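Reading through the structure tokens given below for one structure.
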Amino acid sequence: MLNIKKLITVTLWALSCLMASQNSAYAHGEKALEPFIRMRTIQWYDVRWSQEQLKINDEVVITGKFHVAEDWPRSVPKPDATYLNVSTPGPVFIRTERYLNGQPWVSSAALKLGGDYDFKIVLKARLPGRFHIHPFFNLHDAGSVMGPGHWLEIAGDSALFSNPVKTLNGDVVDMESYGFANGVSWHVFWIVLGSAWLLWWVRRPLFIPRYKMLQAGNEDALITSLDKTIAKAILVVVPMFVLGAYAMTDSQYPNAIPLQAALDQIEPLTPEVNNGLVQVKVKRSEYHVPGRAMILTAQIHNLSDQPVQVGEFASGNLRFINNTVGMAYQDHGDPLVAQTGLKVDSPDPIQPGETRTVQIEAADSLWETEQLDGLFRDADSRLGGLLFLYDATGKRYVASVATAVIPQFN
Ligand SMILES: [Cu+2]
């Protein structure tokens, strides 16, 4: 008896610890994804939120760009069916619009390796609170790849939320309540019917007593003729009921279209990343474990007509900024931006026509806190990321780099 009490106490204590720890955890598992997937699949950049403080029914627009890495990991299925979604803690927003390369995007689409895309998502605030929101990609057979997150605050009364939609035949319906009673009654109907049928059988001898009765040749006592009659009645009545309800619905809504399952066809933009004007070849990269620094030895070939400088390195949603160039967009509230994290050993601008080999150092504890340093424990320890170069006029050149990483442990 004492042992059972002890067991219950320990279980309750463990449960309350678990709940307490969940209250203070904000992450959504994005750190758990293997670094090579975060760095070498969807490479997000220029992601912006139109506003942070909203009221119920207000809209927020998320815009951004991404490059689909050329060096897509071998072990990850190719992006033949992908869906851009928004990660939220529950239905706190509804998504009203979504575009890829300016084209309305409803279904899934295939992405091309090496392709450049821009997106726009419009969300409408539904429930009050403070939420961390990420755009993210669902990749068929591979899982999800999170984009950069942002805190949004919604104020107001959730009862004021409305979601009117105009149907194809011109009716305006409120999606918050439309068909709700019908949906609930069908669920209740099936739950009651299913539970009743289950209870009908559960009240009989089960498992071992049943086995014993079978062994003793008493199987006739286990299934009565009433059971058989009820089973036959269900077999006839349930399909008739379903078909009847289907026929009624069909006559009530004659112009219904099925849920669409085709893929959208959307072509990449004209190349924005690796457009050939500034070419970057990474010859060697080392990760210094104690210094938490990635050091890239890169050959930069400037084919543009202006001198260029390395301004930023972005990888797996981390951004390392070279503040001596200071051209990169700086979101000071974003904890994943290392404002002074990037250094170049020869800081002079690379002249038009010049080819120079430079050492680029991206150093910050973010490598460790975001668990990207687990890279060299992977069987596929290759780094991927975007290198941003700027000329004096502010024009930007982006290069997608991919290279094997050698760890330096001391
Ligand atoms: Cu988040």
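Laid out as a table, the results:
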read-out: Residues within region 153-187 that are open to solvent by 80 Å² or more (accessible area, probe 1.4 Å) and more than 20 Å from Leu127 (Cβ to Cβ), tallied; value: 8
read-out: Pair list, Cβ < 6 Å and 6+ apart or interchain, from region 336-360 residues that are at negative phi to residues that are open to solvent by less than 80 Å² (accessible area, probe 1.4 Å) and among the hydroxyl-bearing types (Ser, Thr, Tyr); value: Val358/Ser346; Gln359/Thr297
read-out: Strands (runs of 3 or more DSSP E) within region 40-82 that include 2 or more residues among the aliphatic types (A, V, I, L, M); value: 42-49, 59-68
read-out: Verdict on Ser177 being assigned to a loop (DSSP other than H, G, I, E, B) and in contact with an Asp or Glu (Cβ under 7 Å, 6 or more places away or on another chain); value: no
read-out: Strands (runs of 3 or more DSSP E) contained entirely in region 312-410, each with at least 2 residues that are open to solvent by less than 30 Å² (accessible area, probe 1.4 Å) and more than 22 Å from Lys283 (Cα to Cα); value: none
read-out: Pick from region 112-156, criterion part of a strand (DSSP E or B) and at positive phi, ranking: nearest to the ligand (Cβ to nearest atom); value: Gly129
read-out: Matching option when the condition is assigned by TED's automatic domain parsing to the domain that holds Gly385 and out of contact with any Phe, Trp or Tyr (no Cβ under 7 Å at 6 or more places or on another chain), among Pro258, Pro290; value: Pro290
read-out: Residue among Pro268, Pro239 that alone is outside the structural domain of Lys395 (by TED's automatic domain parsing) and exposed (fewer than 12 other Cβ atoms within 10 Å of the Cβ); value: Pro239
read-out: Residue among Trp197, Trp190, Trp201 that alone is under 24 Å from Pro258 (Cα atoms) and either part of a helix (DSSP H, G or I) or without any contact (Cβ under 8 Å) to a residue 40 or more places away in the chain (or both); value: Trp190
read-out: Verdict on Ala293 being closer than 28 Å to Ser50 by Cβ and surrounded by 18 or more Cβ atoms within 10 Å (Cβ to Cβ); value: no
read-out: Odd one out for Tyr99, checked against (1) crowded, with 17+ Cβ neighbours inside 10 Å; (2) of a type outside the set (A, V, I, L, M); (3) away from the ligand (no atom under 16 Å from the Cβ); value: (1)
read-out: Cross-chain or 6+ apart pairs with Cβ under 7 Å, region 113-133 first and not assigned by TED's automatic domain parsing to the domain that holds Pro148 and modelled with pLDDT of 95 or more, then more than 16 Å from the ligand (Cβ to nearest atom) and charged (D, E, K, R); value: none
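The values are calculated or read from the model by the stated rules, or taken from the named source; none is laboratory data. All values derive from a computational prediction rather than experimental measurement. As a convention, Cβ positions derive from the backbone with ideal geometry for all residues, glycine included, and neighbour counts pool all protein chains shown. In case anyone asks, the SASA skips ligands and DNA or RNA and just uses the protein heavy atoms, side chains included. Shrake-Rupley method; radii C 1.70, N 1.55, O 1.52, S 1.80 Å.
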